[in-house]
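Every read-out reported here was derived from the displayed coordinates using simple, explicitly stated rules and does not represent laboratory data. Bear in mind the structure is a predicted one, so any value in this text is a computation, not a measurement. Heads up, the Cβs are rebuilt from the backbone with ideal geometry, glycines too, and the neighbour counts pull from every protein chain shown.
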Amino acid sequence: MTLAISDNTRSSIATTVKKYGNQLMRFIRGKVPSIEDAEDVMQDVWMQLSRIANISEIESLSGWLYYVAKNKIADLYRKRQTENIENFSYENEDGALQIKEILLIDEIEFPEMKDFKDLFWKELMTALAELPANQKDVFILNEIDDKTLQEIANDKNENIKTIISRKGYAVKHIRKKLQYLYDELNS
């Protein structure tokens, strides 16, 4: 996709990047875990700026840049919070298998996976039992019943951000509880 940017807007963007780029990067870098994440956020900020037809209409350009950066950082963390449990993987000699694939493996065809599956399900149920009911419900509805977070929010008449937050807390707790299984598989 090519953006049609006038010479005047291009000049304004270049001036803005020179004037605010370094301090904005320091701000972003202090709030995200890696330089790659900071660069991604910074690129998103500049892309949003490039979509504005007349930059001179922004009352406080520095304020606007920091506001957008803060929102992009929040988006980055929100995206990571809602990652699925299936992002765990097991690396064997044949390549990577996702946890969901492992749990669906036919035990008759691969009897060596039975003990692992049994242990995983036991630990998952223990971790789920430790969660508050609302977090447990969101996790089960999303991961097991394959409902989208938006569908869950609609069904429960809750704000989508609340549902995302509950799912994030549940996943974080379950990952922590299952980490030793993951470490054992990859050792």
Cα-Cα over 18 Å, subset of Lys136/Lys156; Lys72/Lys176; Lys117/Lys177: Lys72/Lys176
Protection-proxy order for peptides 70-76, 153-159, each taking the mean of Cβ atoms within 10 Å per residue, highest first: 70-76, 153-159
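Around Lys177, under 9 Å between beta carbons, what's the net of Lys plus Arg minus Asp minus Glu among the other residues?
Working: positive: Arg175, Lys176; negative: Glu123, Glu130.
The answer is 0.
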